[in-house]
1. Checking B:TYR245 against (1) away from chain C (no Cβ under 14 Å); (2) open to solvent by 10 Å² or more (accessible area, probe 1.4 Å); (3) assigned to a loop (DSSP other than H, G, I, E, B), which single condition isn't satisfied?
2. Looking at C:ALA462, C:ALA403, can you tell me which residue is among the small types (Gly, Ala, Ser), in contact with a Lys or Arg (Cβ under 6 Å, 6 or more places away or on another chain) and open to solvent by less than 70 Å² (accessible area, probe 1.4 Å)?
3. Only residues that are more than 24 Å from the chain's Cα centre (by Cα) and more than 7 Å from every other protein chain (Cβ to nearest Cβ): list them for the stretch C:24-46, please.
4. Of all residues in the stretch C:443-457, count the ones that are loosely packed, with under 15 Cβ neighbours inside 10 Å and in a helix (DSSP H, G or I).
5. Kindly evaluate C:ILE384 against the criterion of being under 28 Å from the mean Cα position of the chain (by Cα), farther than 19 Å from C:LYS357 by Cβ and of a type outside the set (Gly, Ala, Ser).
6. Exactly one condition in (1) over 22 Å from C:CYS194 (Cα atoms); (2) facing another protein chain (nearest Cβ under 9 Å) is false for C:THR17; which is it?
7. Out of everything in the stretch C:157-168 that is open to solvent by less than 10 Å² (accessible area, probe 1.4 Å) and in contact with an Asp or Glu (Cβ under 9 Å, 6 or more places away or on another chain), what residue ends up being farthest from C:PRO296 (Cα to Cα)?
8. Can you name the residue in the stretch B:429-486 that is open to solvent by 10 Å² or more (accessible area, probe 1.4 Å) and among the small types (Gly, Ala, Ser) and, of all such residues, is nearest to B:GLU218 (Cα to Cα)?
Amino acid sequence: MALALSDVEKIAHLARLHISTEDAEEVARRISSILELIDQMQGVDTTSVAPLAHPFDAVQRLRPDEVTESDQRDYLQKIAPATQDGLYLVPKVIE
Amino acid sequence: MSDRTVAALSRSLALGKVSSVELTRDYLDRIARHNSVYNAYITVTEELALAQAAEADARRARGEHGPLTGVPIAHKDIFCTRDVLTTCASKMLGNFVSPYDATVVERLNAAGTVTLGKTNMDEFAMGSSNETSFFGAVRNPWDTERVPGGSSGGSAAAVAADLCAIATGTDTGGSIRQPAAFCGVTGFKPSYGRISRWGMIAFASSLDQAGPICKSAEDAALMMNVIAGPDPKDSTSVDAPVPDYTATLNDSLKGLRIGVPRQHLAEGLGKEVEQALQDALKVFESLGATVKEIDLPNNHLSVSAYYVVAPAEASANLSRFDGVRYGYRCENPVNLEDMYMRSRGEGFGAEVKRRILVGTYALSAGYYDAYYLKAQRIRRLIKQDFDKAFAEVDVILGPTTPHTAFKIGEKNDDPVTMYLEDIYTIGVNLAGLPGISIPAGLSSTSGKPLPIGIQLVGSDFGEARLLNVAHQFQQHTDWHLQRPEV
Amino acid sequence: MVWETVIGLEVHVQLATKSKLFSGSSTTFGAAPNTQANIFDLAMPGTLPVLNAEALRMAVKFGLAIDAEIGRRSVFDRKNYFYPDLPKGYQVSQLEFPTVGKSQLEITLEDGSTRTIGITRAHMEEDAGKSLHEDFQGQSGIDLNRAGTPLLEIVSEPELRNAKEAVAYLKKLHSIIRYLGISDGNMAQGSMRCDANVSVRKKGATEFGTRTEIKNINSFRFVEKAILHEAQRQIDLIEDGGRVVQETRLYDSDRDETRSMRSKEVANDYRYFPEPDLLPVVIDEAFIEAVRQELPELPGAKCARFVAQYALSDYDAGVLSSTRALADYFEQVVAICGDAKLSANWVSVDLQAVLNKQDLEVEESPISAERLGGLIARIKDQTISSKIAKTVFEAMLESDHSADEIIESQGLKQVTDTGAIEKLVDEVIAANPEQVEQYRAGKEKVFAFFIGQAMKVSRGKANPAQLNELLREKLKG
């Protein structure tokens, strides 16, 4: 199925990806061709088939409730773009 | 030394014919001389390598060593390495110095391997040609005009050009096996869950699996003995017993039942690849195996299903790259929204953005059932096909790729034609099965010889049998010993 | 026009585990920013979640306590959205297969009537971090210590019909989670938070009106105020010919108003899908039974037992069983003094007044159950009168001494010696001839004056019954 530019704009915003206006058409065209490939599966009747999310029928294992971590803030914030007083800084969050 | 398999190097180290420091210097020297041609490494960790080599020699002197102690290795740049740049070949992580080691890296470090550096790859492992790397394309050592395959192209090229003894790779839809086939080396993707994903930067969580890219099935077994096994840090790692993979390498293939999928021999398969496959079948038959055709009737749907499941998971996995706690942040964001949009818009390359968009679309309101759930149902059909096949045969043999390595830039115009090249490998990931690509011929039609790979697929956790079959093939052929002129 | 308010509550309860839902970081409140955020909490690439067993047990415990269906196979999902306090860009939650399923809760209103409120589900999820808006050169600061703290989100059906019901429902939940010990329920610190979905409709209508979601309600009082305010805002809007817009609103307790949240303006498409880094959580019968064994007696059962065992009124039993700590305190007092009725009065009236005044929890009571029991025992055996007991109680607040020590040191022991009381009565009669005349002339009211005088002389220690009897006899003349 072909994707309109407005669709690209909508999903690009959901995914928080800036796509320039000059690129948008190219992106729409390529994604449309990917969707065409994907749509090959639409012809198959899968009504009685349960979805498979993991390759194996395993179940979640549990971790004992123990504190295993210690403060590593200074080390971990060495790679941060912007910090102050131990906080990560971002442009103002507006509620 | 002509035979630079891990097995051979390990023997030389054990006999004292060479020290790890000498070996490491030799490899570092080769990298210095040749990497500019192949672009196989993003980062070379010379200092770390020499320190680890000295420590490995000391361990050997103390008698505290295993087969991998002192062996120079390269890690795909998708594995986190503490205090070493870990970029995933993306501008987004161009400055990311990992604060921790991946479990795979930690286990190999503990076994005494020597880290030469981090290898190039498709950005975030999204690609089959290594052309999507922010750090430039990798060149195939057999023909530098051609791609090495992807996404673990740097690892495959480095092993093929002997810029490392062995390398790690990851495989989400063929990313170990396809570049191994293109570069004439052995690439092994274990069952999903066999190896911890902790510290392996996620592309598609339910498909990703680490594995060795190496010079022989025996080397794959040696690395598997170190890296396989459950990890309390990875909920999806499987708590199954891990055998000694080297112990069964020499088991006889008498009575082995090999299945060849009818669908893999159909249209689209290159003539030379088909010939190599037929030749390989004769070798196996001479070793006592029986061959029969099997059906994987839904295999043609694997690419479609994969391009929903993988991008959907990736779209969420890559949301953490937001320029807040690490990685790339755009210059002078005017507000929060702008920071997100531009940091991600500028930090990710075109293919990564495409896949995030496809995945976002497939999960969005109104499309979830038609795309995501549908793909998961197809996934079950594909798994069921394999289950049926393994009721009749022990291993499945087919081509790894339809063709040999293509030219750089050749398939850039349409992502879909490139995606379809993964038709033989993708189903294996969807089903979570182990698969290995081994060299089985050299094409001569395009001027320079180009390697041909064949793929063996095993049943759930049938890694030992798979390595045994591959090893026996390599005991009776020498395709895996062929090396390009560097 | 008569309007009806329709309210559904989403209550987020922080589970009192030591470590986070999916990582080994501490969950202690109030640490320096980002000192309790490890590589997983910071969403470093390549990190993976592993489920905390205790968080699961606590969720199941809650489910069993409210007699809900327990999800034998629960599945975690990713809820995708971008926000700086959400490091992974998705929150791990449970959409289709929550750990705790359908149930209902009986609430008691102020007039003693009860209502049954449906509970839709209770699912496990991760808490987010915090955005601090103090000015950092026009930027916000992000603290991720709270990110990944286990939450149980308890979702009610839209069956609450006014603000008081909402408060009663919330208090009931609060009491249960505290009884279970699965959360401290501290609303001021955010370990229990409430979002309210509020709509209004004409009384008798069957369809719901458009609802708004009010976030950031952090006390019982504010729940009531926020709902009252929002319902009135909607009614005013409709009566003025306007229309309610479905949106998220923030309650501002300083101004007592709700306002639209700009950040949530765009309708979100959360793109839920099963979290591939986690496997389905399968809960077997043995797990459930083991958790069931740990269930304490719950408020409802305890209240009924107090009525039956101690012959308390429904009201007293309700008050005393409202928290587990108070109930335990009360029962300790009874065990020591042997008088349930007196214990109930002293705990629920006198002690409670002190606690309220000093804003203390019963666990922090300045008078231990042992000391209070000791005091009541002296009332019961008539060593002191109820009146003197108040004096002793006051003294106990000021010191660590036992009731006996205070009675002894201050000489407060009740006088029960008939000879001594008789002497006292004689003195009082002799000193007040005028009043004796009045009494004898039939002015009955003067009797109270004599009691007062006698008590004054005895410094309150005379046994009131004996005093009464002797005084009447002697005044007859």
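The values are calculated or read from the model by the stated rules, or taken from the named source; none is laboratory data. Predicted model, so just to flag it, every value in this text is computed and none were measured. With ideal geometry, Cβ positions are generated from the backbone for all residues, glycine too; neighbour counts draw on all protein chains shown. Areas reflect the complete protein model, heavy atoms only, side chains present, ligands, DNA and RNA absent. Shrake-Rupley method; radii C 1.70, N 1.55, O 1.52, S 1.80 Å.
1. All conditions are met except number (2).
2. On the way: C:ALA462 fails: in contact with a Lys or Arg (Cβ under 6 Å, 6 or more places away or on another chain).
Result: C:ALA403 is the single residue among C:ALA462, C:ALA403 that is among the small types (Gly, Ala, Ser), in contact with a Lys or Arg (Cβ under 6 Å, 6 or more places away or on another chain) and open to solvent by less than 70 Å² (accessible area, probe 1.4 Å).
3. At the first step, the residues of the stretch C:24-46 found to be more than 24 Å from the chain's Cα centre (by Cα) are C:24-26, C:31-46.
Answer for the stretch C:24-46, where residues must be more than 24 Å from the chain's Cα centre (by Cα) and more than 7 Å from every other protein chain (Cβ to nearest Cβ): C:ALA31, C:GLN36, C:ALA37, C:PHE40, C:ASP41.
4. Initial filter on the stretch C:443-457 (loosely packed, with under 15 Cβ neighbours inside 10 Å): C:443-445, C:448, C:452, C:456.
So of that shortlist, the ones also in a helix (DSSP H, G or I) come out as C:448, C:452, C:456.
Of the residues in the stretch C:443-457, 3 are loosely packed, with under 15 Cβ neighbours inside 10 Å and in a helix (DSSP H, G or I).
5. Details: under 28 Å from the mean Cα position of the chain (by Cα): no; farther than 19 Å from C:LYS357 by Cβ: yes; of a type outside the set (Gly, Ala, Ser): yes.
It is false that C:ILE384 is under 28 Å from the mean Cα position of the chain (by Cα), farther than 19 Å from C:LYS357 by Cβ and of a type outside the set (Gly, Ala, Ser).
6. Only one criterion in (1) over 22 Å from C:CYS194 (Cα atoms); (2) facing another protein chain (nearest Cβ under 9 Å) is unmet by C:THR17, namely (1).
7. Going residue by residue through the stretch C:157-168, those that are open to solvent by less than 10 Å² (accessible area, probe 1.4 Å) are C:160, C:163, C:166.
If we keep only those that are in contact with an Asp or Glu (Cβ under 9 Å, 6 or more places away or on another chain) as well, we get C:163, C:166.
On the way: C:ALA163: 30, C:ALA166: 25 Å.
Out of the qualifying residues, it is C:ALA163.
8. B:ALA464
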